[in-house]
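Asker: Before I ask anything, let me first share the structure, which is written out below as structure tokens.
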Amino acid sequence: MLIELNTFEALNLLTANSIGRIGCYEKDHVYIVPINYRLTHNYITCYSLEGKKIEMMRRQPHVCFEVDEIIDSNNWCSVIVNGVFEEILEEQDLSELRPFFTEHWFRNKEELTHDKKWESGRPSFYANQIFFKILIKQISGRRQQGL
């Protein structure tokens, strides 16, 4: 049976997960990639390194974001968010966000040090990290339970 999720259920699915897919577009090109995220208030917070999706979202900030939980083809749940990309630039905001998204980089500090990727006590990848919000404009979800 296909069931439509209410907003509360859709937000709960977003809260319970940390990997989703972001879709961005430009002219006739659509680009969809997996990304780590956190749901915070009325927006989704993500980070990425500089690259294709960041460039595309800077030029065209309207995005689609999807999260799902799949047991099998008859038991799944999915949420889709239509929103707007907004880059986070304030150093205070960035300082608060970094610990939630970069702890995995620090787990292997020896490897980073060996590769000389550390500058002034911080890994050099900080220079390429882009933190951003997806401001939620519309949210919908569905769940399939059994046949």
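The values are calculated or read from the model by the stated rules, or taken from the named source; none is laboratory data. Just so it is clear, the model here is predicted, and its values are computed rather than measured. Cβ coordinates were reconstructed from backbone atoms using ideal geometry, including for glycine residues, and neighbour counts include every protein chain displayed. These area figures cover heavy atoms from the full protein model, side chains too; ligands, DNA and RNA do not enter into them. Shrake-Rupley method; radii C 1.70, N 1.55, O 1.52, S 1.80 Å.
Asker: Pull up all non-local amide H partners of LEU5: gap of 5 or more, or a different chain, and H-to-H distance under 5 Å with H placed in the peptide plane.
Answerer: GLY141, ARG142, ARG143
Asker: If you don't mind, another one. Run the quick spin-label model on GLU55 and THR7: label points 7 Å from Cα toward the beta carbon, then report their separation in nm to one decimal.
Answerer: If labels sit at GLU55 and THR7, their model points lie 3.7 nm apart.
Asker: Ranking request for peptides 39-45, 26-32, 67-73: highest mean number of other beta-carbon atoms within 10 Å first, then the rest in descending order.
Answerer: 39-45, 67-73, 26-32
Asker: With only alpha-carbon atoms in the gyration tensor, what are the semi-axes of the equivalent ellipsoid for the range 29-71, in Å, largest first?
Answerer: 19, 14, 11
Asker: While we're here: How much accessible area per residue does the range 12-91 have, in Å², with a 1.4 Å probe?
Answerer: Heavy-atom SASA per residue in the range 12-91 reads 56 Å².
Asker: Full extension from HIS41 to LYS137: what is 0.36 nm times the residue separation minus their Cα-Cα distance, to one decimal in nm?
Answerer: Length gained between HIS41 and LYS137: 33.3 nm.
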